[in-house]
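A short write-up of the structure that comes next.
The values are calculated or read from the model by the stated rules, or taken from the named source; none is laboratory data. Keep in mind the model is a prediction, meaning the values are calculated, not measured. Here Cβ is always computed from backbone atoms with ideal geometry, including for glycine, and neighbour counts include all displayed protein chains.
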Amino acid sequence: MRSLSLLLLGASCALVLSLAYAHPPEGVWKKKLKWVEEWVPVWKTVKKEAWETKWKKIQVPIWKEVKVPVWKEEQVPDWKIVKKPKIEEREVPAWKEVKVADWKKVTKPIWREVQVPIWKEVKVPIWKEVQVPVWKEVQVPVWKDVQVADWKQMFEPQWVKMGIPGEKFLGKDHEGWEYTSHDLWRKKLIWKPVWKKIWRTEKKQEWHTEKKQEWRTDKVQDFKIEKKQEWVKDKKLEWKDEWVQVWKTVKKQIWIKEKRETWIEEKVQIWRTEKKQVWATEKKQAFKDEWQSVKVPVWKEVKVQEWKKVWKPIWEKVWVPVSHGHGWD
C-alpha cells in the first residue's frame, strides 16, 4: 500500500508540473540490470522406512502315537487237589455170648497240626511314568504404536513487491498533452513452501514374556497287587492204631459190618487271575519345525523433490529524465 501511495504521489506531481510548464518532460531510455528471484525444483536423496518379508523357523506342537506296555488281567483255568471224606463198609469178626478178655487192635482218628501253603495278596510299590504339565517362559513378538517425527511441505500465502515495466497512461490536459508514468509497483500474492514438523504413527516390534505349557515325564510311586505264599497252621485228620482190651464170647464167631471214614483226594478246576503284558496306543506330544513369515523394517533410499530459491539477472528498459540546469530534476 505504501509503494502504491508513492506511485500515485509521483504521478500527481508529474501532472502538476506538466500543467505548470505545459510541455512534456525530456529524457532518454536506458537499460537497467535487475535481479529477480525464482524457485527451481531440485531432487535430494532421503531414507524412507519400508518393510521386508523374512522367514523365521518356529516349533509347532503335534500329537504322535506311540506304543506303551500295559498289564491286562486274564482268568486262567487251573487244577486244585482237595480231600473229601468217604464212608466205606467192612466186615469184622465178633464173638458172641462168651466173654473172653482179649486185645484188639483199633484205629482211632486224631488231629495233627500241619503247615498249609496259602496265597496272600500284598501291595508292592512300583514306579510309574506320568506326564506332568510345566510352564516355560517364551519371548513373543508384539506390535506397539509409536510416534515418529516427519517433515511435511506446506504452502503459506505471502505478499511480494513486483515492478510493472513500461509506460502507463495517466490522462490528458486541456491542451491535449498526455501524461504517463513509469516504474509502477504492485503487490503480488505468492505461495511460499514451508516445511513443518508433523508426527505420524508407526508400528514397532517389541518382545514380551509369556508362559507356554509343556509336558515332562516324571516318575510317581504306585502300588500293584501281587500274590505272596505264606504258611498257616491247619488240622489234618489221621488214623492211629491202638490195642485195647475187650471181652469176647467163646461161643461162636460171627462177622458184623462196620462203617469207616476215609479221605480221598480229588482234582477240582479253579480259575486264577494272571497279568498279561499287551501294547496300548497313546498320544505323545512332540514338536516339528515350520517356517513363518515376519515383517522386518528396512531403510530405502528415495528421490524427493524440493524447491530452491535462485536469483537471475534481467535487463529492463527505464526512462531517465534529462536535467537543464534549473536546479531541480
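In this structure, is Thr201 of a type in the set (Val, Ile, Thr) and surrounded by 12 or more Cβ atoms within 10 Å (Cβ to Cβ)?
When the stated conditions are applied, Thr201 does not pass them.
Within segment 43-91, restricting attention to residues that are loosely packed, with under 10 Cβ neighbours inside 10 Å and of a type in the set (Val, Ile, Thr), the residue that is nearest to Gln269 (Cα to Cα) is Ile81. Scanning segment 92-122 for residues that are of a type in the set (Lys, Arg) and under 30 Å from Ile264 (Cα atoms), which turns out surrounded by the fewest Cβ atoms within 10 Å (Cβ to Cβ)? Step by step, filter segment 92-122, then rank; the result is Lys105. Scanning segment 287-309 for residues that are surrounded by 10 or more Cβ atoms within 10 Å (Cβ to Cβ) and either under 30 Å from Trp29 (Cβ atoms) or not aliphatic (A, V, I, L, M) (or both) turns up Phe287, Lys288, Glu290, Gln292, Lys295, Pro297, Lys300, Glu306, Trp307, Lys308, Lys309. Whether a residue is of a type outside the set (Phe, Trp, Tyr), surrounded by 10 or more Cβ atoms within 10 Å (Cβ to Cβ) and either touching a strand residue (DSSP E or B) at 6+ places or on another chain (Cβ under 7 Å) or part of a strand (DSSP E or B) (or both) was assessed, and Lys284 passes this test. So, in segment 174-189, of the ones that are surrounded by 13 or more Cβ atoms within 10 Å (Cβ to Cβ) and of a type outside the set (Gly, Ala, Ser), which residue ends up farthest from Val318 (Cα to Cα)? So the residue we want is Trp177. Scanning segment 220-240 for residues that are within 30 Å of Ala286 (Cβ to Cβ) and surrounded by 11 or more Cβ atoms within 10 Å (Cβ to Cβ) gives Asp222, Lys224. Just one of the listed residues (Trp215, Trp195) is among the hydrophobic types (A, V, I, L, M, F, W, C), within 30 Å of Lys152 (Cβ to Cβ) and touching a residue at least 12 places away in the same chain (Cβ under 8 Å), namely Trp195.
Set side by side, the residues Lys104, Lys84 differ, and just one is out of contact with any Lys or Arg (no Cβ under 9 Å at 6 or more places or on another chain) and either touching a residue at least 40 places away in the same chain (Cβ under 8 Å) or within 20 Å of Trp239 (Cβ to Cβ) (or both), which is Lys84. Over 36 Å from the mean Cα position of the chain (by Cα) and modelled with pLDDT under 85, is that true of Lys317? When the stated conditions are applied, Lys317 does not pass them. So, Val244, is that one touching a residue at least 60 places away in the same chain (Cβ under 8 Å), over 60 Å from the mean Cα position of the chain (by Cα), under 30 Å from Glu73 (Cα atoms) and in a strand (DSSP E or B) or not? Judged against the criteria, Val244 is not a match. Scan (1) within 30 Å of Lys197 (Cβ to Cβ); (2) of a type outside the set (Val, Ile, Thr); (3) surrounded by 10 or more Cβ atoms within 10 Å (Cβ to Cβ) for the single condition Asp145 breaks and write down its number. Looking at each condition in turn, Asp145 falls short on (3). The sole residue among Lys187, Lys233, Lys275 that is on the phi < 0 side of the Ramachandran plot, charged (D, E, K, R) and either in contact with a helix residue (DSSP H, G or I) (Cβ under 8 Å, 6 or more places away or on another chain) or modelled with pLDDT under 85 (or both) is Lys187.
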